[in-house]
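The values are calculated or read from the model by the stated rules, or taken from the named source; none is laboratory data. Everything numeric in this text was worked out from a predicted model, so none of it was measured. All Cβ positions, glycine included, derive from the backbone under ideal geometry; neighbour counts span all protein chains shown.
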Amino acid sequence: GAVVSQHPSWVICKSGTSVKIECRSLDFQATTMFWYRQFPKQSLMLMATSNEGSKATYEQGVEKDKFLINHASLTLSTLTVTSAHPEDSSFYICSARGQGEETQYFGPGTRLLVL
Amino acid sequence: AQSVTQPDIHITVSEGASLELRCNYSYGATPYLFWYVQSPGQGLQLLLKYFSGDTLVQGIKGFEAEFKRSQSSFNLRKPSVHWSDAAEYFCAVATYSSASKIIFGSGTRLSIRP
């Protein structure tokens, strides 16, 4: 149980285009989802927290107009990187947590390369 | 502010040897503590967690961790490592304010010597 998927697993795009990453909880209802960014050989940095049906809460320094997060249902959250640039290239990981749960379950990650 | 410190960036142990990965946290109240493992290019898998009760916690893959409040530590142990244990290990602490965020340590990379 508690499986989280991400799609796509990797994506290459041209600079200036937008990329959407999906995060799905497959066997539970995720009232809260989290988006992280991980640079090579570094730890995970929380970008934003989203609750189903509400606007996401962004961490300090994260541009909310650049990283659009939608959590429209209890099983799906999306992260859209708008007007991507090479510095946005990174490993993006989502996690999900159910109602009343303390544990976050992580997706397998999406590697983004912006050329 | 809450923080997690993993003092060892990289550890190499021989296959079959015992392992201990160190983790220290800073948090005002009783923390919720986690250990996650990440294989190269993969997401994170939960090894074990501590919320309350018995301070020695058993996890998957033969791992265990002990919560020591007096030392603000939550070290991860395994009596005999296998080559498949080579990965990055992250200690994390949860803050149970309304934000309920997990704060990760910087990670320890484990290599296994044949």
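In the range B:34-50, is there at least one residue being farther than 27 Å from residue A:10 by Cβ and more than 15 Å from the chain's Cα centre (by Cα)?
No.
Looking at (1) away from chain A (no Cβ under 14 Å); (2) of a type outside the set (Phe, Trp, Tyr); (3) under 21 Å from residue A:40 (Cβ atoms), which is the one condition that is false for residue B:15?
(3)
Taking the range A:57-112, which residues are of a type in the set (Gly, Ala, Ser) and either surrounded by fewer than 16 Cβ atoms within 10 Å (Cβ to Cβ) or outside any strand (DSSP E or B) (or both)?
Of the range A:57-112, the ones of a type in the set (Gly, Ala, Ser) are A:61, A:72-73, A:77, A:83-84, A:89-90, A:95-96, A:98, A:100, A:107, A:109.
Correct list: A:61, A:72, A:73, A:83, A:84, A:89, A:100, A:107, A:109.
Could you identify the single residue in A:29, A:99 that is at pLDDT below 95 and within 13 Å of chain B (Cβ to nearest Cβ)?
A:99
Determine the pairs where a residue that is under 14 Å from residue A:114 (Cα atoms), located within the range A:15-42, has a partner that is of a type in the set (Gly, Ala, Ser) and part of a loop (DSSP other than H, G, I, E, B) with Cβ atoms under 7 Å apart, the partner being 6 or more residues away or on another chain.
From residues that are under 14 Å from residue A:114 (Cα atoms), the pairs are A:15/A:84; A:16/A:83; A:17/A:84; A:18/A:83; A:18/A:84; A:19/A:84.
Can you confirm whether residue B:102 is of a type in the set (Val, Ile, Thr) and free of Cβ contacts under 8 Å to residues at least 40 places away in the same chain?
Judged against the criteria, residue B:102 is not a match.
Residue check: is residue A:45 within 13 Å of another protein chain (Cβ to nearest Cβ), surrounded by fewer than 19 Cβ atoms within 10 Å (Cβ to Cβ) and among the hydrophobic types (A, V, I, L, M, F, W, C)?
Numbers: within 13 Å of another protein chain (Cβ to nearest Cβ): yes; surrounded by fewer than 19 Cβ atoms within 10 Å (Cβ to Cβ): yes; among the hydrophobic types (A, V, I, L, M, F, W, C): yes.
Judged against the criteria, residue A:45 is a match.
Per-residue answers, yes or no, for (1) acidic (Asp, Glu); (2) within 10 Å of chain A (Cβ to nearest Cβ); (3) in contact with a Ser or Thr (Cβ under 7 Å, 6 or more places away or on another chain):
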position: B:11; (1), (2), (3): no, no, yes
position: B:19; (1), (2), (3): no, no, no
position: B:28; (1), (2), (3): no, no, no
position: B:32; (1), (2), (3): no, yes, no
position: B:36; (1), (2), (3): no, yes, no
position: B:50; (1), (2), (3): no, no, no
position: B:58; (1), (2), (3): no, no, no
position: B:63; (1), (2), (3): no, no, no
position: B:67; (1), (2), (3): no, no, yes
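Here are some conditions: (1) within 11 Å of chain A (Cβ to nearest Cβ); (2) under 18 Å from residue B:107 (Cα atoms). Residue B:76 meets all but one. Which one does it not meet?
For residue B:76, the failing item is (1).
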